[in-house]
Structure formats: C-alpha cells, structure tokens
Amino acid sequence: MEAKSEEAVAATLQQEQVQMPPVLEEKEKKRVLVAVDESDESIYALKWTLDNLFLYGSTSTSHVVDKKQKDEEAGVVILVHVQQPFQHFIFPTGPGVYASSSAIDSIRKSQQQNTALLLSRAKQLFKGRPIKAETIVCDGDPKDMICQMAEQTHPDIVVVGSRGFGKLKRAFLGSVSDYCAHHVKCPILIVKPPK
C-alpha cells in the first residue's frame with residue numbers, strides 16, 4: 001500500500017512541475033524583470049516567478065536551501081513599477097485659472113507613499129529566498145516604460161501579469177501585457193492568475 005501512495009505522490013509532483021523556459025534552463029544566476037503595480041495579478045505574477053523560475057536546492061523541484069547555497073544568490077529580480085504621469089489639475093478661481101502647488105505636492109507625496117507600500121509588499125515575498133531584489137520606479141506610460149527598462153537592464157526574461165481583459169476591452173482600453181509581448185526585445189512571460 002505504501003509503495004502505491006508514494007508512486008501517486010511522485011506522479012502528482014510531476015504533473016505540478018512547471019516546464020522551465022529554455023532561455024533559463026542553462027543559467028545558474030537568472031536575471032528576471034517583473035513589472036509590478038497595485039493589482040493582485042501583478043503580485044501573483046511575482047509570486048509565480050519566485051516559486052517557479054528560481055528553483056534551488058538539491059533537485060530541480062526542491063525549494064530547500066542547504067547551508068552552502070544559502071550564501072549564494074540564485075539570481076536577481078528587477079521589480080519595475082511605473083507611476084502614471086502626473087497631470088497638473090487646474091482649478092478655476094474667479095477670472096483667472098491656476099494650479100494649486102499644495103495640491104500638486106500632496107498628490108506627488110501620496111504617489112510616493114503608495115509606491116513605497118507597493119514595493120515593500122513585493123519585497124516581503126523575497127524573505128528567506130536567496131534572490132536579490134532590485135527596484136526601479138519610473139514615470140510614464142507603463143507599456144512604453146516596461147519595454148524601455150527591459151532594453152536598459154538586459155534581463156533574461158520579462159514577466160508581466162495579465163488582468164484577463166476580453167478582446168473587446170483589450171481593443172478599447174489596451175493591454176500592457178499584449179503591448180509588451182509585441183515590443184519587448186527579449187523573451188516575455190505573461191502570467192495569468194488561476195480562475
């Protein structure tokens with residue numbers, strides 16, 4: 001009876017194994033760029049990356065780190081967060097129109113706080129893993145900036161989350177992952193969350 005249960009467990013583990021992208025199979029120290037934003041889908045993509053692209057330990061599926069491997073880094077994850085460009089809001093006040101500098105400062109400060117919280121949340125996922133985290137925060141259109149950061153940092157692969165827009169929404173709203181898939185000049189992995 002025990003032999004059958006061990007075989008069943010081994011078969012289940014084989015089914016759960018994720019096939020490593022060929023670009024990463026040969027590399028000991030991987031360099032992965034992950035785009036993060038406030039969405040749960042991007043945090044899921046980061047978790048998926050840490051769990052599946054950085055397999056370390058004595059076997060290819062083991063996440064157990066021995067003492068020697070604990071001191072060595074398995075690679076680098078570059079977290080890229082793109083803030084939407086700030087549009088100056090103009091408030092009408094009587095005959096003239098002006099932008100309140102205190103309102104602009106308040107909005108920028110709020111953006112910085114939200115970014116700090118997001119990156120802190122993302123870095124929590126690295127605890128106990130021999131993976132170095134680097135962060136890049138930039139302003140602009142997320143589609144263009146992710147492609148630009150991929151070109152500047154030369155990662156082995158770019159990972160982005162997918163919100164799962166349908167064809168109609170994607171046509172009208174645009175899709176960051178779809179745009180990156182067509183414009184990034186290195187391999188890209190789009191991670192869809194489970195339903």
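Observations on the structure shown:
- Segment 139-169, subset farther than 27 Å from Q112 by Cα and either of a type in the set (D, E) or surrounded by fewer than 15 Cβ atoms within 10 Å (Cβ to Cβ) (or both), residue modelled with the lowest pLDDT: K169
- Of all positions in segment 73-95, at least one carries a residue that is exposed (fewer than 11 other Cβ atoms within 10 Å of the Cβ) and modelled with pLDDT of 70 or more.
- Going through (1) surrounded by 14 or more Cβ atoms within 10 Å (Cβ to Cβ); (2) at pLDDT 95 or above one by one, E134 falls short only on (1).
- Considering residues of segment 173-182 that are farther than 19 Å from H81 by Cβ and modelled with pLDDT of 90 or more only, the residue most open to solvent (accessible area, probe 1.4 Å): H182
- Among (1) surrounded by 13 or more Cβ atoms within 10 Å (Cβ to Cβ); (2) at pLDDT 85 or above, the one test that S100 misses: (2)
- For segment 106-127, the tally of residues that are open to solvent by less than 90 Å² (accessible area, probe 1.4 Å) and free of Cβ contacts under 8 Å to residues at least 60 places away in the same chain stands at 7.
The values are calculated or read from the model by the stated rules, or taken from the named source; none is laboratory data. This is a predicted model, so every value here is computed, not measured. Cβ coordinates were reconstructed from backbone atoms using ideal geometry, including for glycine residues, and neighbour counts include every protein chain displayed. What goes into the accessible areas is simple: the full protein's heavy atoms, side chains included, and nothing from ligands, DNA or RNA. Shrake-Rupley method; radii C 1.70, N 1.55, O 1.52, S 1.80 Å.
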